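I have placed the structure first, in the form of structure tokens, so that the comments after it can refer back to it.
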Amino acid sequence: MNSSLGSEIDSFYESAPPLKERDSIMEKLNEFVELNCKGTKRVVCVTSGGTTVPLEQRCVRYIDNFSSGHRGAASTEYFLKAGYAIIFLYRRATSQPYCRSLPDDPLLECFEATDELNIQVRQPYSEAVKRAIRDHHAAVAGGFLLKLPFTTIFEYLQVFKIAIPGRSFLLLIEYLVLYYEQMLQMVAVSLRSLGPLAMFYLAAAVSGLLCSLEKHEHKIQSGSGPLDMRLVQVPKMLSVLRTEWAPMAFCISFKLETDTKILLDKADMALRKYKMNAVVANELLTRKEVVVVVTDSEKISVQRDKTEAGSDVENPLVKLLVDRHSAFIKDSNA
Ligand code: PAZ
């Protein structure tokens, strides 16, 4: 990592508010790692939803992002089906695995009281609710699905930094590395050997811009005339992920554009710049129908199967990436 990027990242983490619930997140991660990071079990970290950018330190208002979290939630289900253990790093109140077929407005629509004590699922929803409960509980109770929520860009990057399985994944908070190595020696060994078995599937729409917080501690007053706001760039963590945190993992990032003319070029640039194994290119309006997987030698168009009711593009996308991950693991072990 070049030193100017290093100091940018240092000052980013220094200016970030401390992550709440760090200890309980660490505890959950430790349990997950102990259970899953052994043998040939594959682990994928799926990021999902958009990050917010607070405008004030004591935040009343924030800039948000359109992402619904559908991509991350649907993909998580398919990765679980393919035998992966998942760290699902998601924006609070966005789509959740196994809940996509349930109404969210309001969820109570699904239920009715039969008498004072009993509640039952209404007929039209009964199959969907049963399936959602069964599959979700099996994944969580089996320890294959660890859900970690975030809202702000700060939380996202801090949890992300902790969540990354890799020997040198914590650049800045060394005590956490020590914590891992001392407390869970077995986990550290298995993390080291996890290498290519780990995948990163970075579907979250992470804000690239950040409000310079030193300016506004308190609520911005709307009566004080037009507001000049300075948005600074968030340091690009993708290159650090690739070079420092998880150099041996299989890394997939996403590129969203609204202008189709620049989409593939931008995906190509990201692929090379951040040394990703693949970049999934998608356009805002058609993102649920088609994506293009860009690798160093191919551009593969992946489409939703329109002949199948309820189908989605994440199903063939995850199948393709699981195949590519298998080939990557084979090559890395050769
Ligand atoms: O969350 P969603 O299903 O509504 O949308 C998915 C997506 C468009 C956010 C994702 O596919 C993506 O492109 N994420 C990266 C966005 C970016 O920062 O370019």
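Data table
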read-out	value
Lone qualifier among VAL279, VAL293, VAL232, VAL240 - being away from the ligand (no atom under 14 Å from the Cβ) and part of a strand (DSSP E or B)	VAL232
Odd one out for THR286 among (1) polar (S, T, N, Q); (2) open to solvent by 40 Å² or more (accessible area, probe 1.4 Å); (3) away from the ligand (no atom under 13 Å from the Cβ)	(3)
Residue in the range 218-232 that is closer than 24 Å to PHE79 by Cα, at pLDDT 75 or above and in contact with a strand residue (DSSP E or B) (Cβ under 8 Å, 6 or more places away or on another chain) present	no
Residue satisfying all of: in the range 53-83; surrounded by fewer than 16 Cβ atoms within 10 Å (Cβ to Cβ) and over 30 Å from VAL318 (Cα atoms); nearest to the ligand (Cβ to nearest atom) among these	ARG61
Cβ pairs under 8 Å, 6+ apart, first in the range 241-266 and at pLDDT below 90, second open to solvent by 70 Å² or more (accessible area, probe 1.4 Å) and not in a helix (DSSP H, G or I)	ARG242/LYS275; THR243/MET1; THR243/LYS275; GLU244/MET1; CYS251/LYS275
Qualifying residue in the range 26-44 (condition: crowded, with 19+ Cβ neighbours inside 10 Å and within 16 Å of the ligand (Cβ to nearest atom))	yes
Residue count, the range 1-25 (criterion: modelled with pLDDT under 65, touching a Leu at 6+ places or on another chain (Cβ under 9 Å) and open to solvent by less than 50 Å² (accessible area, probe 1.4 Å))	5
Flag for ALA334 being within 30 Å of GLY39 (Cα to Cα), away from the ligand (no atom under 14 Å from the Cβ), within 20 Å of the chain's Cα centre (by Cα) and among the hydrophobic types (A, V, I, L, M, F, W, C)	no
GLY49 being under 13 Å from the mean Cα position of the chain (by Cα) and either crowded, with 16+ Cβ neighbours inside 10 Å or away from the ligand (no atom under 16 Å from the Cβ) (or both)	yes
The range 296-329: number of residues that are open to solvent by 40 Å² or more (accessible area, probe 1.4 Å), within 26 Å of LYS273 (Cα to Cα), part of a helix (DSSP H, G or I) and within 16 Å of the ligand (Cβ to nearest atom)	0
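The values are calculated or read from the model by the stated rules, or taken from the named source; none is laboratory data. Just so you know, these numbers come straight off a predicted model, no measurement behind them. Positions of Cβ are generated from backbone atoms using ideal geometry, with glycine treated the same way; all protein chains shown enter the neighbour counts. Heavy atoms of the whole protein, side chains included, go into the accessibility calculation; ligands, DNA and RNA do not. Shrake-Rupley method; radii C 1.70, N 1.55, O 1.52, S 1.80 Å.
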